[in-house]
Amino acid sequence: MSETTTTFRTCPLCEATCGLEVTVRDEAVTRIRGDRDDVFSQGFICPKGSTLRQLHDDPDRLRVPVIRRADGWEQVSWEEAFRMVEAGLRPLIEKRGADAVAAYLGNPNAHTMAGPLYLKPLLKAIGTKNIFSASTVDQMPKHVSSGLMFGHPDSIPVPDIDRTDFLLMLGADPFESNGSLATAPDWPGRIKALQERGGKMVVVDPRRSRTAREANEHLFIRPGTDALLLFAIVAVLFEEDLASPGRLNELTAGIGEVAALAARLSPEAVADRCGIPAETIRRITRDLAAAPTGVAYGRIGTHTVEFGTVAAWLVDVINVLIGGLDAPGGAMFPLAAHARPPRPGRPFRTGRWTSRVKGYPEVRGELPVATLSDEIETPGDGQVRALVTVAGNPVLSTPNGTRLDRALASLDFMVSVDFYLNETTRHADVILPPPPPLSRAHYDFAFYTLSVRNIANYSPPTLSRNAEMDEWEILTRLALIASGQGAGADPDLADGWGIATTVNQAVSSPDSPIAGRDPEEILGHLNQYRGPVRILDYLLRTGPYGDRFGEDPDGLSVAKLVEHPHGVDLGPLQPRLPELLTTASGKIELAPPQIMEEAARLATTLDHAPDGGLVLVGRRHLRSNNSWMHNLEVLVKGKERCTLQMHPDDAGIAGVQDGGEVQVSNDTGAVTVQVEITEDVMPGVVSLPHGWGHDVPGVRLSVAARRPGVNSNLLASGQAIDPLSGNAVLNGIPVVVSPS
Ligand SMILES: Nc1nc2c(c(=O)[nH]1)N[C@H]1C(S)=C(S)[C@@H](COP(=O)(O)OP(=O)(O)OC[C@H]3O[C@@H](n4cnc5c(=O)[nH]c(N)nc54)[C@H](O)[C@@H]3O)O[C@H]1N2
Ligand SMILES: Nc1nc2c(c(=O)[nH]1)N[C@H]1C(S)=C(S)[C@@H](COP(=O)(O)OP(=O)(O)OC[C@H]3O[C@@H](n4cnc5c(=O)[nH]c(N)nc54)[C@H](O)[C@@H]3O)O[C@H]1N2
Ligand code: SF4
Ligand SMILES: [Mo]
């Protein structure tokens, strides 16, 4: 007898958190579409959302652990795989110390329940300072600016796009990416609503992106110069007396210092460098200041550049100066259902240690991934000889892939937690596959803290698991191995001990919502679950909207969220200052000394003439997701997407024809790729998407290998970084283009 059931779950593929309606028959998915009743997405999905089924069924997806033998990959039992990891890691840690083992954590860790909860214990168990992640090819500048301004690197304000009257967007393309550091399903619908209520969106981007095409105004900008443009906006706000922080005045320190520095960076001083007329900068600034509410928002294009932290900071300086920070329609701080307010008294610092080879400062406990190859290749005490990767593909995602690829091949041992045998994991000795999205529970720990509305939604697994092991269990077993407790140690015991400790501490801590309660009673409630779901239940029930284990019957718990498969809407964002501020002064630090120093360095760049050659920027496409969704035919079919976009004037100078093959090269590397001539990129700029280059031997990606594309990060040197955050420069890279 076959039975058709309809279930609801949140799509985990990107930051937008869309609700999916999944129809299942005989343990197989027959249809996926947008959940029209989802409280946040109301039916919206992008082309990727419905491909969870194809991902589930992809014959190339690993379902059992594999180990690399001289003659190829062998499927093994979980027990054998963990014994192999123990044999690979433990002797190395004992002989050479913990720093000999590095870890690289990739982007999907932010999209699983295990990532936010179980990686920290794993890293602690290894004890290494060689921790790297996709954050240093992504958003690290925002953590640094938020940490220095507000006291905590995760106190990141998001644009209140549903209420704003003026959205100034720089270096983001949410109509393709579906948004980042601003969780909002259906950007197109929300921007249309903004425009219909008389509001405006101005987009600053060296490409006429999909988002730029829908903007009220689009400004081409010379890559890497956003910090200059933003400074000029600040200059105009002061010069024309448009700054009006309102209630933020009393909460803010350092306004005068910012004004003094900005005076040197007027629109007239930066216009040529940015490629934007001074009068346009003045006009945009006046419009932004005059709008009833307004907000500046910057993303990848402003962060993956040399002055990424300065740009990230300036965005919020502007939001403070126009009175938009922490106000409806401005940039606001979400309050997630599982969240805890940041604790005062521990102001954010960087550089508590430095990387061995290049001396780069630690940021949030990690080192720049741009220097991972240095740490592997440079002999000496603390040299990296083994690597643990979890949900990452750094060979394609991080600078100088050629060199990293070679470095990975030279390691003594590598273990990857991943369900694809790809450009990175092909170097592993052991690959441990977690379940695919449809076979796991989901709650967006990361993105509900970055959401434009406060939302809570929990999804139980839709399909049962096969031979894969839950990711939290894999990570816990790796932690037990790393800390010397052996490949056979029981992850459930460790996990149970962990939650019991948490509860016992909470009941005896006076400021906890469960102070004085009976720990056995609390654990009795929690122990109906295990792993991350149990921790989620604890966090929800003791969180800002929690039921405090029965004290508030309307409050949240996992059970309550299960009763609401379309999610619970906790309302629009509310002001959270000054309580959220954890700086030493208790104020918003508008002029942190580190940033002021770097901003002064930015000002001196105007003293040297720029190099006039072509520069490379990236781009994203709706049907793609970094490096790892290219093995699904439904997504990659059709027109070739990994092309070099080039302006007709530049194509004429280089002597290349539309559709022809060109070589793109610089001192770091070269790729040969098809050119697409278009006025959608500004003159002097060429664009290639990242995440491609699947034509290396030994990967098991049969669809992707047929349409491999090229790896744009072969052209990123890894030498150029944003010094304050360690973020790699991935945009504005000098290149030469010639006919192939
Ligand atoms: N030039 C250039 N480079 C860039 C960027 C750019 O704009 N330009 N963008 C950067 C950004 S923003 C990012 S975030 C990085 C991404 O960089 P990475 O995180 O290194 O790369 P991904 O392509 O996201 O690879 C994800 C890996 O996780 C695996 N995976 C997927 N789901 C799961 C899961 O649930 N569990 C586990 N264990 N594994 C899973 C996939 O098979 C894949 O191997 O790339 C960066 N690189
Ligand atoms: N479809 C799809 N969605 C995704 C992803 C994906 O790979 N595909 N990746 C996900 C991830 S990990 C992330 S972090 C987010 C990123 O989300 P977004 O930040 O929206 O990223 P992009 O779409 O790459 O948009 C960056 C824009 O910056 C522009 N740009 C480049 N250099 C500069 C510059 O110097 N100044 C300015 N002002 N603009 C510049 C580029 O032309 C591009 O349009 O997307 C997520 N969503
Ligand atoms: S926009 Fe993101 S969350 Fe929504 S369906 Fe597409 S990939 Fe999934
Ligand atoms: Mo990212």
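The values are calculated or read from the model by the stated rules, or taken from the named source; none is laboratory data. Since we're looking at a predicted model, the values are computed, not measured. FYI the Cβ positions are ideal-geometry reconstructions off the backbone, even for glycines, and counts take in every protein chain you see. These accessible areas exclude ligands, DNA and RNA; they are computed on the full protein's heavy atoms, side chains included. Shrake-Rupley method; radii C 1.70, N 1.55, O 1.52, S 1.80 Å.
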Solvent-accessible area, 1.4 Å probe, carbon plus sulfur percent, for segment 1-67
47 percent
Sparse-neighbourhood loop sites, chymotrypsin sites (Phe, Trp or Tyr not before Pro) in segment 57-106 - DSSP loop, at most 15 other Cβ within 10 angstrom
none
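For segment 611-739, what is Rg from Cα atoms divided by 2.2 N^0.38 Å, rounded to two decimals?
1.06
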Once you keep just the Cα pairs under 8 angstrom separated by 6 or more residues, what percentage relative contact order results for the chain?
20 percent
Rounded to two decimals, the Debye log10 I(q)/I(0) of segment 50-117 (Cα scatterers, no solvent) at q = 0.19, 0.26, 0.27 Å⁻¹ is -1.12, -1.13, -1.12
Expressed per residue, the solvent accessible area of segment 611-739 in Å² (1.4 Å probe) is about 38 Å²
Please provide three numbers in whole Å: the alpha-carbon extents of the chain along the principal axes, with the largest listed first.
67, 63, 58
Taking 0.36 nm per residue of sequence separation and subtracting the Cα-Cα distance, how much length would be gained by fully extending the chain between residue 31 and residue 257, in nm to one decimal?
75.6 nm
Taking the Cβ of residue 724 as the center, what net charge do the other residues with Cβ under 11 Å away carry, scoring Lys and Arg +1 and Asp and Glu -1?
-3
Non-local amide H neighbours of residue 720 (under 5 Å, H modeled in plane, Pro and chain starts lacking H): which ones?
729
If ligands, DNA and RNA are left out, what is the accessible area of residue 352 with a 1.4 Å probe, given in Å² to the nearest 10?
120 Å²
Restricting to the chain, what percent of DSSP beta bridges are antiparallel, rounded to 5?
50 percent
From the phi of every residue in segment 26-31, what ³J(HN,Hα) in whole Hz does the Karplus formula 6.51 cos²θ - 1.76 cosθ + 1.60 yield, where θ is phi - 60° and glycine or proline is x?
6, 6, 10, 7, 9, 7
Centroid-to-centroid separation of segment 86-145 and segment 661-740 [C-alpha atoms, Å]
27 Å
To the nearest Å, what is the center-to-center distance of segment 236-301 and segment 363-391, using C-alpha atoms only?
39 Å
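Quick check of the Kirkwood formula: for segment 446-494, what is the inverse mean of 1/r over all pairs of different Cα atoms, in Å?
Kirkwood hydrodynamic radius for segment 446-494: 13.7 Å.
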In the structure shown, of 48/639; 142/587; 120/358; 48/637; 120/560; 95/124, the pairs separated by more than 23 angstrom at the C-alpha atoms are 120/358; 120/560
From phi via Karplus (6.51, -1.76, 1.60), per-residue ³J(HN,Hα) for segment 453-467 in Hz, x at Gly/Pro
9, 7, 9, 9, 8, 10, 10, x, x, 8, 10, 7, 7, 9, 7
Based on the alpha-carbon gyration tensor of segment 12-129 and its eigenvalue square roots a ≥ b ≥ c, which shape applies: rounded if a/c is under 1.5, prolate if not and a/b is larger than b/c, or oblate?
oblate
Calculated Rg and Dmax of segment 303-443 using C-alpha coordinates, Å
19.8, 55
Counting every Cα pair in segment 281-336, what percent are over 14 Å apart?
57 percent
Compare 27, 579 by solvent-accessible area with a 1.4 Å probe and give them largest first, with all protein chains kept in place.
579, 27
Just need the relative contact order of segment 490-563 here, percent rounded to a whole number, with Cα pairs under 8 Å and 6+ apart.
21 percent
So what J values fall out for segment 169-184 if you push phi through Karplus, 6.51 cos²θ - 1.76 cosθ + 1.60 with θ = phi - 60°, rounded to Hz, Gly and Pro as x?
10, 10, x, 9, 9, x, 6, 9, 8, 6, x, 8, 6, 5, 6, 7
Compute the relative contact order of segment 1-57 as a whole-number percentage, counting only Cα pairs closer than 8 Å that sit 6 or more residues apart in sequence.
28 percent
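What number does segment 490-563 give for Rg over Rh if you use C-alpha atoms and the Kirkwood radius?
Here Rg/Rh amounts to 0.95.
With viscosity set to 1.567 mPa s and temperature to 4 °C, compute the Stokes-Einstein D of segment 1-63, Rh being the Kirkwood radius across alpha carbon pairs; µm²/s, no decimals.
Working: Rh = 12.3 Å.
In µm²/s, the coefficient is 106.
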Accessible-area value, residue 201, 1.4 Å probe, nucleic acids and ligands omitted, Å²
0 Å²
Using a 1.4 Å probe, how large is the accessible area of residue 721, given in Å² and rounded to the nearest 10?
20 Å²
Going Cα to Cα from residue 192, which aspartates and glutamates come in below 18 Å? Please leave out same-chain ones fewer than 8 positions away.
160, 162, 165, 173, 176, 214, 217
Give me the percent of accessible area attributable to carbon and sulfur for segment 490-563, probe 1.4 angstrom.
53 percent
Regression test value, accessible area per residue of segment 198-339, probe 1.4 Å, units Å², expected 30 Å²
